[in-house]
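**Q** Please find one structure pasted underneath; my questions will follow.
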Amino acid sequence: MLDTATAVYEAVEPLIIWKILFTGLKAAPDDQGSHVSPIAPLQKAALTVKPSELFAWVLSSIRQHEEEVVSLHIPIVLDSILDDLGVSWTAWPFADEQSAPSQGDTTKTQLALQLLKLIPESFWTRSAAIDDTPPIKDEEAWTTQVYQSANPPLADLMERARATLPSHIVSKVFQLSSKSMSDDTLAPERPLIVFEMVHCLLDHEPPSLKDVRGRAWIGSIVKRLSNIQSFSVVDAMISSVLKATRSSAFKSHFDQSHSSIMTVMLDTVSPGLGIR
């Protein structure tokens, strides 16, 4: 069955497949209930699945190697998901419980991590030349240009994606990591996923890391460490701080040996390690 699915996937233009996948994901923003597979017309039997589950299966089961996919579709879908998560997490915990992030948010966060890991090193480091056409500034404009245009100029859009999306994605991941720290008791897996995304970006060291307000980001983590209940989340946060301070692209202006930072870190992890 996998061979058949792969053959179908590779026989259809990437734009068509990714438009279908993206449309299905946006049609059920909270991933509630079931959803008839949008690729059912290409199959002998339709499977009832959640959009994010279908998306995750495609990403994990079928190798994504085409330049159009890894340099355009994956980044713009990731950018869109990060925007959705940023909006839903902003409301929590200040709104009523019905506004709390759903299980679908955790699934979409995991999907975002999958997408991030598929973006090649060249996407982050390549300096793309663009003309004087106004840049595409937000995710809605990106998805409109690519998935709602009759004949989108894919080659041009790929160059623009390389020029503008790295900074968008970096900014949104770091913002989401700050928001996720207030979500620890509700769903500790969410901040764990987000800080794995932070690790992934720090490994790539994209030039846009220099635009992150490193001092403020590290300071917010240090301040919240003592309130985090999950030791695994604390470990992920501390690991991210230490990794960030060693990054040549991350201008944190913090010395990792700074006494106040190390005191807070040690005070936080000591109980979990059985140190008194």
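The values are calculated or read from the model by the stated rules, or taken from the named source; none is laboratory data. Because the structure is predicted, anything quoted here is derived from the model rather than measured. Every residue, glycine as well, gets a Cβ built from its backbone with ideal geometry; the counts of neighbours run over all protein chains shown.
Conditions (1) surrounded by 19 or more Cβ atoms within 10 Å (Cβ to Cβ); (2) at pLDDT below 55, marked per residue:
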{"position": "Tyr9", "(1), (2)": "no, no"}
{"position": "Lys19", "(1), (2)": "no, no"}
{"position": "Pro41", "(1), (2)": "no, yes"}
{"position": "Asp79", "(1), (2)": "yes, no"}
{"position": "Glu97", "(1), (2)": "no, yes"}
{"position": "Ser102", "(1), (2)": "no, yes"}
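**Q** So, Ser180, is that one surrounded by 18 or more Cβ atoms within 10 Å (Cβ to Cβ) and either in a loop (DSSP other than H, G, I, E, B) or more than 12 Å from the chain's Cα centre (by Cα) (or both) or not? Break it down stepwise before answering.
**A** Values: surrounded by 18 or more Cβ atoms within 10 Å (Cβ to Cβ): yes; either in a loop (DSSP other than H, G, I, E, B) or more than 12 Å from the chain's Cα centre (by Cα) (or both): yes.
Criteria met by Ser180.
**Q** Tell me which residues, restricted to the stretch 211-254, are modelled with pLDDT of 85 or more and of a type in the set (Phe, Trp, Tyr).
**A** The one that is modelled with pLDDT of 85 or more and of a type in the set (Phe, Trp, Tyr): Trp217.
**Q** Considering every residue within the stretch 182-192, establish whether at least one is under 14 Å from Ala236 (Cβ atoms) and modelled with pLDDT of 90 or more.
**A** yes
**Q** Another question, then. Could you tell me whether any residue of the stretch 196-203 is part of a helix (DSSP H, G or I), surrounded by 21 or more Cβ atoms within 10 Å (Cβ to Cβ) and not aliphatic (A, V, I, L, M)?
**A** Among the residues of the stretch 196-203, not one is part of a helix (DSSP H, G or I), surrounded by 21 or more Cβ atoms within 10 Å (Cβ to Cβ) and not aliphatic (A, V, I, L, M), which makes the answer no.
**Q** If you don't mind, another one. Quick one: is Glu68 closer than 19 Å to Pro120 by Cβ, part of a helix (DSSP H, G or I) and modelled with pLDDT of 90 or more?
**A** On the way: closer than 19 Å to Pro120 by Cβ: yes; part of a helix (DSSP H, G or I): yes; modelled with pLDDT of 90 or more: yes.
Spelling it out, Glu68 is indeed closer than 19 Å to Pro120 by Cβ, part of a helix (DSSP H, G or I) and modelled with pLDDT of 90 or more.
**Q** If the Cβ limit is 9 Å and pairs must be 6+ apart or interchain, which residue in the stretch 58-83 that is under 26 Å from Ser180 (Cβ atoms) pairs with which residue that is among the hydroxyl-bearing types (Ser, Thr, Tyr) and surrounded by 23 or more Cβ atoms within 10 Å (Cβ to Cβ)?
**A** So the pair list comes out as Ile81/Thr109.
**Q** Any chance the stretch 117-125 includes a residue that's of a type in the set (D, E, K, R), at negative phi and modelled with pLDDT of 90 or more? Even if it seems obvious, please write down each step before you answer.
**A** Of the residues in the stretch 117-125, the ones of a type in the set (D, E, K, R) are 117, 121.
Then drop every residue that is not at negative phi, which leaves 117, 121.
Those still in the list that are modelled with pLDDT of 90 or more too: 117, 121.
Yes, that holds for at least one residue.
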